[in-house]
Every structure is written in C-alpha cells, then in structure tokens.
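Nothing in this text is a laboratory measurement; each read-out follows from the coordinates by a stated rule. Treat the numbers as computed from the prediction; the structure is a model and nothing was measured. Glycine gets a Cβ as well: all are built from the backbone with ideal geometry, and neighbour counts include every protein chain shown.
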Amino acid sequence: MKKYIKWLIVIVFACSSVWLTSSKAVQAATPVEKWGRLSVKGTNIVNKKGKKVQLKGVSTHGIAWFPQYVNKSCFKSFKKMGANTIRLAFYSDPNAGYSKDLYSKVEEGIQYATESGMYVIIDWHILSDGNPKTHQKQALQFFQHFAKKYGKQKNILYEICNEPNGNVTWEKHIRPYANKVIKQIRKYDKKNLIIVGTPNWSQDVDVVAAKPLKQKNIVYALHFYAATHTNGIRDKMKKAYKAGLPMLVTEFNITDASGNGSINKSSGTKWMKLLKKYKIGYVAWNVSNKNETSALLRSNCKKTGSFTKANLSKTGKWIVAWWKK
Ligand code: IDC
C-alpha cells in the first residue's frame, strides 16, 4: 500500500509540473503579446499603449541562397538571446534569386515568426537593381499577395525597397514608387508599419526628412556598416531625428559595407548608444554561416537551429550582447 502511495505522489507531482510549465500563466509573454500592434507616434515606433519601443532582431541572408535558416528553431534561438524581430530578405532581382516560387519560403518565415511571437519584416530586397521602379510591377504583386494574406496580423511590417542606389533620387524615383506600393498595401492592411528605403543605400535620411511622405505609420530605413559608416551618417541620423523623421535600422553590422573585411567595435558602440538614446530599433545582417564577417554564425557551425552563443561569430556575439543592454 505504502508503495502505491509513493507512486501516486510521484505521478501527481509529474503531472502538475507539466501542467505548470505548459500553462500560459507561467510562460513569459512573447514580444508580440507584450507590445501588440506597432504604430508611429511622432518620431518613434510605439506599442499598443503608445510607449516607445525598440525592435531588435536579425535579418536572413537572401532566402534563395540560405533557405535552411528559415525555420522555427532558428528564430526561437535568437528570441531566447533577446531578439523580437525577424527580417526576411527577398531579393527582387532575378540575378539575386528573385522567383515567385520563393513566395512560399517567405510564407514559411512569417508562420515561424508568428508562432514564435515575433515581429516579422517582409523585405523587398532591391540592391543591384538600384532603382525601385525597375521591378515595380513585381513589387506591387508581391505586396498585394502578402498584405492580402497577412494584413490582419499584428506582427507584420513591410519593407518596400531595401536600398535604392545609383542614379536615383527621393523625389523622382523613390517617393513615387513608395506612394504606389503604400497604396497597394493599404488596400488590404490599413495599419501595420511600412518601411521605406532612403536614397544612397538607405543612408540619406536627412534628404527624406526635408520632404517625407504624408501617409500614416510610415518609417524610414537607415542602414549602416560601422567600419565604413561613421560620423557622417550618424550626423544624418541626428539631423533627421531632430527634424522628426521616424527611422528603423533594418540592416546593420560592425563590418565594412561589403559585409566582410574588418570590424570596428568603437564605431559600433557609438551607433548603439545613439540608437538607444533615440529609441530606434535595429536588425542585424545576416543569419548564415557564410565565410564573411557579417555572418552572425561561425563558418564552421553546421547547425540550422537551436543556436547557442557558442555558435555565434565574433560579430554575432558582439551584437547579441547589446540586445540585453
Ligand atoms: C551582401 C551579402 C553577401 C552577398 C551580397 C550580394 O553579405 O554575401 O554576396 O550581399 O547579394 C547591403 C545589402 C546586403 C549586403 C550587405 C553587405 O542590403 O544585401 O549583403 N549590404 O554588402 N547594404 C550594405 C551592405
């Protein structure tokens, strides 16, 4: 009899601990549960209560090249380290992997980020195709598809042109393109944030600040690679912030602008302090083990998920440490 009682106690104990760990009450709220739908108030991104929040996260590499990292275990391990955002980089140029067949990869990514309670940036990654108008037709199709399918979710952000570059200006090219794409997205999604790339590889935020768009809930991209982009671009950010431009760093690293080469931690620290002061969010390039310094994983890391800090590259370790500061 005594023996049975002992076993009964063991079973009751085991069941209640399973119940406790799986119950919502003891599970920490996810970033999206905590903050809800984001919006723009003045110069900042705010949560459902109107409080300024800083998005922090990682960007995939081009999903045509590194689709293996678009998985839930990968996203969750970055969340565990402090990230609240995943950016899915969908290159818009056929030479860089553009294909409608990859829509399903983006959908998978949205699903995994959503199940992980994270924000997700759907990035139309123009790069070698520097003028956003080059593939405008495809962009309109792309955003129609995703806004229609996911526009009701709270955790969606649209980034409509990664880095306009070349002989491209705000007035003649980016602004008219943005007006068209925003109109398209807003047919299906009235509220979620739309991120607009800025001239000169998303660096000239000061130019945009002089004549921003008129729509609501728009933020502007500023990108930096700290070993190349130092005081000059920080000054542009300061100027734009003071002029009231809402910004989000949807791509950065502490490497040089090639995504490789040397690392500059002291310039990186200046950037991080400025972003913290202004409460501007930042998303790091890139989740891969490619043999380049901007890869957040060590090149000998063969895993595609369940990452720990030991799997991170030098830049990965440095960046992740800032998430909790
Ligand atoms: C780089 C990748 C590199 C790839 C190259 C071309 O790190 O592996 O070969 O693109 O596709 C950006 C771009 C981003 C770049 C990154 C580094 O948005 O696509 O990634 N960078 O050059 N802007 C500034 C730097």
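What's the percent breakdown of Cα-Cα distances in region 193-321 across 10 Å bins, shortest bin first?
13, 42, 29, 14, 2
On a 0 to 90° scale, report how tilted helix 103-115 is relative to the longest principal axis of the chain, with both axes built from alpha carbons and the result rounded to the nearest 10.
Helix 103-115 sits roughly 50 degrees off the main axis of the chain.
Would you calculate the volume per residue, in Å³, of the smallest convex hull containing every Cα atom of region 13-147? Spell out each step's value before the answer.
Working: hull volume 18.8 nm³, N = 135.
Looking at region 13-147, the number lands at 140 Å³ per residue.
As I understand it, the dipole of region 231-290 uses +1 on the Cβ of Lys and Arg and -1 on the Cβ of Asp and Glu, about the Cα centre. Which of Ser262, Thr250, Asn231 lies farthest toward its positive end?
Asn231
Based on the Kirkwood radius over alpha-carbon pairs, what is the Stokes-Einstein translational diffusion coefficient of the chain at 25 °C with 0.890 mPa s viscosity, in µm²/s?
Working: Rh = 20.3 Å.
Here the translational diffusion coefficient equals 121 µm²/s.
Return a whole-number percent for the relative contact order of region 55-171, with Cα pairs under 8 Å and 6 or more residues apart as the contact set.
Values: 181 pairs, mean separation 30.8, N = 117.
Once normalised by length, the contact order is 26 percent.
Ignoring everything except DSSP H segments at least 4 long, calculate the 222 nm mean residue ellipticity for the chain; use -39,500 (n - 2.57) per segment, divide by total residues, nearest 500. Don't skip to the answer; put the middle values down first.
Values: 11 runs with 123 residues, N = 325.
Theoretical 222 nm ellipticity from helices: -11500 deg cm²/dmol.
Which whole-number percentage describes the relative contact order of region 130-244, with Cα contacts under 8 Å and a sequence gap of 6 or more?
27
Sequence gap at least 6, Cα distance under 8 Å: using those rules, report the relative contact order of region 249-308 to the nearest whole percent. Before the final figure, lay out the partial values.
Details: 70 pairs, mean separation 20.1, N = 60.
Computed over region 249-308, the figure is 33 percent.
Tell me, what is a quarter of the convex hull surface for the C-alpha atoms of region 105-186, in nm² with one decimal? Before the final figure, lay out each step's value.
Details: hull surface 21.4 nm².
Averaged projected hull area, Cα only: 5.4 nm².
Report the Stokes-Einstein translational diffusion coefficient (µm² s⁻¹, integer) for region 94-138, Rh taken as the Kirkwood radius over Cα pairs, at 10 °C with viscosity 1.306 mPa s. Mind showing how you got there, number by number?
On the way: Rh = 12.1 Å.
D = 131 µm²/s.
Tell me, what is a quarter of the convex hull surface for the C-alpha atoms of region 124-243, in nm² with one decimal?
Numbers: hull surface 29.7 nm².
Averaged projected area of region 124-243's Cα convex hull equals 7.4 nm².
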